[in-house]
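Worksheet: one structure, shown below.
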Amino acid sequence: MSLNAVRPWKNIYRRKSRKIMVGNVPVGGDAPIAVQTMTNTDSGDASATLKQVFDCAEAGADIVRVSCPDEAATKALKTVCRESPVPIVADIHFHYKRAIEAAEAGAGCLRINPGNIGDEKRVREVISAARDNGCSIRIGVNAGSLERDLLEKYGEPCPDAMVESALDHIRILQDNDFHEFKISVKASDVFLSAAAYQGIADATDAPIHLGITEAGSLNAGTVKSAVGLGNLLWMGIGDTLRVSLSADPVEEVRVGYEILKSLGLRHRGVNIISCPSCARQGFDVIKTVEILEERLAHIKTPMSLSIIGCVVNGPGEALMTDVGFTGGGAGSGMVYLAGKQSHKLSNAQMIDHIVEQVEERAARIDAEEVPAAAE
C-alpha cells in the first residue's frame, strides 16, 4: 500500500487537463509534470547549442527550449532537432516566419508570444505550419509584453488582463481547429503569476506550463520560484515547468526537480535529508553533504539518504530513508539501511561507504525494474 494512501494529507490532486504531445513527451492529462529549461548559447551555433542540450538532458530535462531570433538560428535548429535526445521547443518573438521555419526544422513545439507575434493572419500561418509538421504550440502570455489594447483597458498588467490575453489567443487556435496547445501566463511578480495561473486554470482544460519569469539569480531565483511554483503545484495546477534563473540551464533543471521532489510529484536521483548542523554534530555535516551531492549526482534512481549530525533526530530520520548515517561519539556513527540500524562506521570511512551503499542499492533497484519495463 502506498504511504500516501494512509496519509491523505500528503496527496496532491492535479487539475484535469487535456494531454498533448511535445515531440515524444506527453504533457497534461496523467503524464508526469515535465521539467524544461532553455539554452543560452548562440542559437546559430548548432554544436554549442547541442552540447548544452545534452548537458541539460543528462541533468533530467524532459524538454529544452531554444530561442530562434533570426534565420541563422532556425537554420541551425534543423541540426539541433535532429540530434537532440529530447524534444526542442522553438522560442519565437516578433518574427512569425521564424516560427514557420522552426516547424519545418523539426521543432516539437512552437512558443509564441501573442503580444508580439502579429495579427491573426500571421498566427493562422503559424498554426498551419505547426499542423503540417506535427508541432504543438505554447501560447506564452507575459506580463511584460501584453497587448496595447489590454494595457489601455486595464491600466496595467494584472491577472484579468493576462487571462483575457490567453483566452483571446486560445480562441484563435480553436477557431482554426487546432487543439495541440498549452498555455502559460508568466510574470516576475509571484502574486501576479499565481493569480493569473489560477484564473486560466479555471477557464480552460489546456495543459499549463508554469514559470515565474525573470526570477533572478541562482539563490534568489530558486527561492522565488519555489514559493510561486510550489504553491501552484500544491493546488494541483501545472503540467510542465521551467525555473527561470540567471544561471547555468542545468541548475534550472536541478531546481525544477527539487521543487517537484519536495511535493512528491517527481522522483529522480538521491533526495538528501540533512540537518543544518550545530554544536552536537559528530562530524562536519555541511562539508559532508556538499561532497555527497557531488559524488552522487550521477545517480538517477529515486532514493532517500539521511545525513544527520547527532542522535537527537538522526535515528528517527534514518528509519524513514533508504540509506542513513547518524553521528555519534568518539569519531564514529551508525549506518542505517532500508530504515533499519545496520552497523557502526568511523567518520573517516563514512563518505566512501555511503556512496558505495547508494550505488549498490541503485543497481539492485534498476535491475529489478528492467524485467517489468520489458513486459
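The values are calculated or read from the model by the stated rules, or taken from the named source; none is laboratory data. Everything quoted here is computed from the prediction, not taken from an experiment. Using ideal geometry, Cβ is built from the backbone for each residue, glycine included, and neighbour counts are taken over all protein chains shown. Note: areas computed on protein heavy atoms with side chains; ligands, DNA, RNA excluded. Shrake-Rupley method; radii C 1.70, N 1.55, O 1.52, S 1.80 Å.
Relative to the dominant Cα principal axis of the chain, helix 249-262 is inclined by about 70°. For the stretch 241-333, the relative contact order comes to 24 percent (Cα pairs under 8 Å, sequence separation of at least 6).
Provide the percentage of antiparallel DSSP beta bridges, counting only those with both residues in the stretch 188-339; round to the nearest 5. Provide the component values of the computation, followed by the final result.
Working: 5 of 17 bridges.
Antiparallel: roughly 30 percent of the beta bridges in the stretch 188-339.
Averaged per residue, what accessible area in Å² does the chain show with a 1.4 Å probe, protein chains only? Before the final figure, lay out the partial values.
Details: 17510 Å² over 375 residues.
Using a 1.4 Å probe on heavy atoms only, each residue of the chain averages 47 Å².
Taking only protein heavy atoms and a 1.4 Å probe, the accessible area of the stretch 261-339 is 54% carbon and sulfur.
A prolate overall shape is assigned to the stretch 106-243, the ratio a/c of its alpha-carbon gyration tensor axes (a ≥ b ≥ c) being 1.5 or greater and a/b exceeding b/c. First check a/c for the stretch 313-363, with a ≥ b ≥ c the square roots of the eigenvalues of its C-alpha gyration tensor; if it is under 1.5, answer rounded, and if not, answer prolate when a/b is larger than b/c or oblate otherwise. Oblate. 3J(HN,Hα) along the stretch 303-309, derived from phi through the Karplus expression 6.51 cos²θ - 1.76 cosθ + 1.60 where θ = phi - 60°, amounts to 7, 10, 9, 9, 10, 10, x Hz, with x in place of Gly and Pro.
Quick one: dipole size for the chain, taken about the Cα centre, charges +1 on Lys/Arg Cβ and -1 on Asp/Glu Cβ, in debye to the nearest 20.
Values: 39 positive and 49 negative charges, 155 e Å.
That gives the chain a dipole magnitude of about 740 debye.
Residue pairs exceeding 26 angstrom between C-alpha atoms, taken from 16/186; 51/186; 19/153; 16/261; 186/287: 51/186; 19/153; 186/287.
Normalised by the number of residues in the chain, what is the relative contact order in percent for Cα pairs under 8 Å and 6+ residues apart?
Value for the chain: 12 percent.
The DSSP beta bridges internal to the chain are antiparallel in roughly 25% of cases.
Share of the stretch 30-121's accessible area from carbon and sulfur, percent, 1.4 Å? Please report the intermediate quantities before stating the final value.
Values: 1780 of 3630 Å².
After summing per-atom areas, the C and S share lands at 49 percent.
Each residue of the stretch 57-63 was assigned a 3J(HN,Hα) from its phi angle through the Karplus expression (A = 6.51, B = -1.76, C = 1.60, θ = phi - 60°), giving 5, 5, 6, x, 4, 7, 9 Hz with x at Gly and Pro.
When only the heavy atoms of the protein chains count and the probe is 1.4 Å, how do 96, 13, 154, 257 rank by accessible area, highest first?
Working: 96 35, 13 165, 154 75, 257 15 Å².
Result of the area sort, largest leading: 13, 154, 96, 257.
For the peptides 46-59, 290-303, the ranking by packing is 46-59, 290-303, with the highest mean count of neighbouring Cβ atoms within 10 Å listed first.
Estimated from helices alone, the mean residue ellipticity of the chain at 222 nm is -14000 deg cm²/dmol (sum of -39500 (n - 2.57) over DSSP H runs with n ≥ 4, per residue). Ordering of 268-274, 278-284, 36-42, 238-244 by packing is 238-244, 36-42, 268-274, 278-284, highest average first (other Cβ atoms within 10 Å, averaged per residue).
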